[in-house]
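Enquirer: Could you have a look at this structure, given as structure tokens, before my questions?
The values are calculated or read from the model by the stated rules, or taken from the named source; none is laboratory data. Quick caveat, the model's predicted, so the values are computed rather than measured. With ideal geometry, Cβ positions are generated from the backbone for all residues, glycine too; neighbour counts draw on all protein chains shown.
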């Protein structure tokens, strides 16, 4: 086990806003002298759906590396973009390829939702909470909803003060959780 | 648009029970002289997560073929195995690669859940209902829960009479829906 | 069974916005010459939680009357205000006091969500969909979300054109459902 | 604030199994010398739906007393019976009458589900998790599902060893949470 906080950028879409938000969290942790690292699902092997699951789980190098981090980490941030009323399929596929129950039992998770529209991924975060709880991980109650996220960012920074206030508060709460 | 009922076997796990259940539904529709066909996610391209989504959506042949069926079909059965408290990530990734809104708007869906344990994928079906409703598709209220599915099958047939009764009822309800 | 569409104003809060929205639906149905009627939970007996449930279910006159309508109706509209991340407890208590399974099996329901904040009761509608599906009722996929509802109304009329467009569309879809 | 753990028996049904389960938890806490106390919704005023909500919230003596405990307590156990695919309406009505945000912000909750059938209130616990998270309270990942609860009890004691193991584990986890 290690004390690095892993921030999962929960999509493999190229140039994803999720990765930008993951970087916002990374900087917040760094500013507090907390070790943190991004797990970017864009780096999954192209054939992960077949090479990374079931009897092949953990056999490729990149997958082994991600699995090791998820097993050793104790606290996670999940950055969740809203796709079709929930989170991206790739994020669940990523979870489906991890080790159980060691990846999640009694670990602590923080969720942040982003959307192009007005919902801020609220259903996506409800679904992921069900999944993480099922897997044994506790989820922080506070789950910022970054609706219309692109209009509230510039050059990779969040320009909406309310959003930043919620993120800073959540970062502190995850450290105390 | 066409009248074939598409039955989505919602996992790419080799030798999946989902595919056996999809075949049970196929036979039920056939026995009623209703055209039906299975879409088996095991047949997705290995690199679907990258080749089948975002700017690449629908470019490979197999993906084009699946997308065409989902666009033309009017009624679907989703066979859903419980993975980590929800449905398999590959199923959501499949949905994420379809055309919107034409694949789902005002279409009719039936869901069936299977699990090794006692839940019968009840949360998985709740999550998928949220997603399908979001995409504009109506979901049949009746959603059979095939808990401890392996103990209730033999040679690809369902041996539990209550389960078969629920499936036959649901098949009829989907035709009337 | 009868063809009146029952519109449930899902709160007992005095001067509720839900009741105003229920009236908007009533007028839409009337304009189409469709019989419709409001069931206003504000009219429940004060001691409904004890006089209307369990062994007392359906014994008081007002409760009998509501139960009869829910049993005879075939299509319902549920107007749902967001209270504490879901719908009001009184609405679930109302449902808990109805006859099963005759009140819901194979009936058709339309849901509309309202909120003071930005969510438009999206989780509330997801929860109620689970409940209605469990009880055997089909839920229309389209579920308008009337966020910041008070700012979008005046004198009991909805001033937001997009909201009215969604409501008119849903009314037509419920008739066709 | 005080250190008593409040156990909410989440129904007002006379002779409820929920109250028996609440007593099982009470004994577990007592055996560990932890102060705990039951809040039994059967004791709500008969007219709570009208006397305990909105502008009347907290005006009657019994309601004031319950509200004070929920405001002062830091950890809660919610005993949840499955009614119509979710939890009893009276439980949500109880929550709707509490003080916000002081009753829940950053508090810790444990949920246990009971059902006559095979589901163990899994959807009910998902819905309540959404609500408690929305209100700012953290929910323990482990949520025992006591399916077919009556067959697994005798004289107010749980006879199913697996159920008791899960309860004892959860009690310890809530103390450590």
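Enquirer: Can you tell me how many residues in the stretch C:112-138 are assigned to a strand (DSSP E or B) and either at pLDDT below 95 or over 23 Å from residue A:143 (Cβ atoms) (or both)?
Expert: Let us first name the residues in the stretch C:112-138 that are assigned to a strand (DSSP E or B), namely C:112-114, C:138.
Those left that are additionally either at pLDDT below 95 or over 23 Å from residue A:143 (Cβ atoms) (or both): C:112, C:138.
Residues in the stretch C:112-138 being assigned to a strand (DSSP E or B) and either at pLDDT below 95 or over 23 Å from residue A:143 (Cβ atoms) (or both): 2 in total.
Enquirer: Which of (1) part of a loop (DSSP other than H, G, I, E, B); (2) under 26 Å from residue D:30 (Cβ atoms) is the odd one out, the single condition residue D:105 does not satisfy?
Expert: For residue D:105, the exception is condition (2).
Enquirer: Which residues, counting only those in the stretch A:153-164, are farther than 16 Å from residue A:19 by Cβ and surrounded by 12 or more Cβ atoms within 10 Å (Cβ to Cβ)?
Expert: The answer is A:160, A:163, A:164.
Enquirer: Among the residues in the stretch B:104-120, are any out of contact with any helix residue (DSSP H, G or I) (no Cβ under 9 Å at 6 or more places or on another chain) and either within 10 Å of chain A (Cβ to nearest Cβ) or buried (at least 21 other Cβ atoms within 10 Å of the Cβ) (or both)? I'd like the intermediate steps shown before the answer.
Expert: Keep residues of the stretch B:104-120 that are out of contact with any helix residue (DSSP H, G or I) (no Cβ under 9 Å at 6 or more places or on another chain), which gives B:105, B:117-118, B:120.
From what's left, either within 10 Å of chain A (Cβ to nearest Cβ) or buried (at least 21 other Cβ atoms within 10 Å of the Cβ) (or both): B:120.
Checking the stretch B:104-120: at least one residue is out of contact with any helix residue (DSSP H, G or I) (no Cβ under 9 Å at 6 or more places or on another chain) and either within 10 Å of chain A (Cβ to nearest Cβ) or buried (at least 21 other Cβ atoms within 10 Å of the Cβ) (or both).
Enquirer: Go through (1) under 28 Å from residue D:111 (Cβ atoms); (2) in contact (Cβ under 8 Å) with a residue 60 or more places away in the chain for residue A:158 and report which single condition fails.
Expert: (1)
Enquirer: Still on this model: When the residues of the stretch C:34-45 are filtered to those that are farther than 12 Å from residue C:13 by Cα and not in a strand (DSSP E or B), which remaining residue is nearest to the other protein chains (Cβ to nearest Cβ)? Before you say what the answer is, go through the steps one by one.
Expert: Kept after step one, since they are farther than 12 Å from residue C:13 by Cα, are these residues of the stretch C:34-45: C:34-39, C:45.
Then drop every residue that is not not in a strand (DSSP E or B), which leaves C:34-35, C:45.
Working: C:34: 20, C:35: 24, C:45: 9 Å.
My answer is C:45.
Every residue, every condition in (1) surrounded by 16 or more Cβ atoms within 10 Å (Cβ to Cβ); (2) touching a residue at least 12 places away in the same chain (Cβ under 8 Å); (3) over 14 Å from residue B:90 (Cβ atoms), yes or no:
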site	(1), (2), (3)
B:2	no, yes, yes
B:5	yes, yes, yes
B:9	yes, yes, no
B:20	yes, yes, yes
B:30	no, no, yes
B:33	no, no, yes
B:38	yes, yes, yes
B:50	yes, no, no
B:55	no, no, yes
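Enquirer: Between A:80, A:7, which is within 13 Å of another protein chain (Cβ to nearest Cβ), within 25 Å of residue A:134 (Cα to Cα) and in contact with a strand residue (DSSP E or B) (Cβ under 8 Å, 6 or more places away or on another chain)?
Expert: Going through A:80, A:7 in turn, the sole match is A:80.
Enquirer: Where residues in the stretch D:121-130 are at the interface with chain C (Cβ under 9 Å from one of its Cβ atoms) and touching a helix residue (DSSP H, G or I) at 6+ places or on another chain (Cβ under 7 Å), which of them is surrounded by the most Cβ atoms within 10 Å (Cβ to Cβ)?
Expert: So, considering only residues that are at the interface with chain C (Cβ under 9 Å from one of its Cβ atoms) and touching a helix residue (DSSP H, G or I) at 6+ places or on another chain (Cβ under 7 Å), the one surrounded by the most Cβ atoms within 10 Å (Cβ to Cβ) is D:127.
Enquirer: Considering each residue of the stretch A:165-177, count those that are closer than 13 Å to residue A:108 by Cβ, buried (at least 16 other Cβ atoms within 10 Å of the Cβ) and without any contact (Cβ under 8 Å) to a residue 60 or more places away in the chain, and give that number.
Expert: Of the residues in the stretch A:165-177, 0 are closer than 13 Å to residue A:108 by Cβ, buried (at least 16 other Cβ atoms within 10 Å of the Cβ) and without any contact (Cβ under 8 Å) to a residue 60 or more places away in the chain.
Enquirer: Within the stretch C:139-177, which residues are assigned to a loop (DSSP other than H, G, I, E, B) and within 14 Å of chain B (Cβ to nearest Cβ)?
Expert: C:140, C:141, C:142, C:143, C:144, C:177
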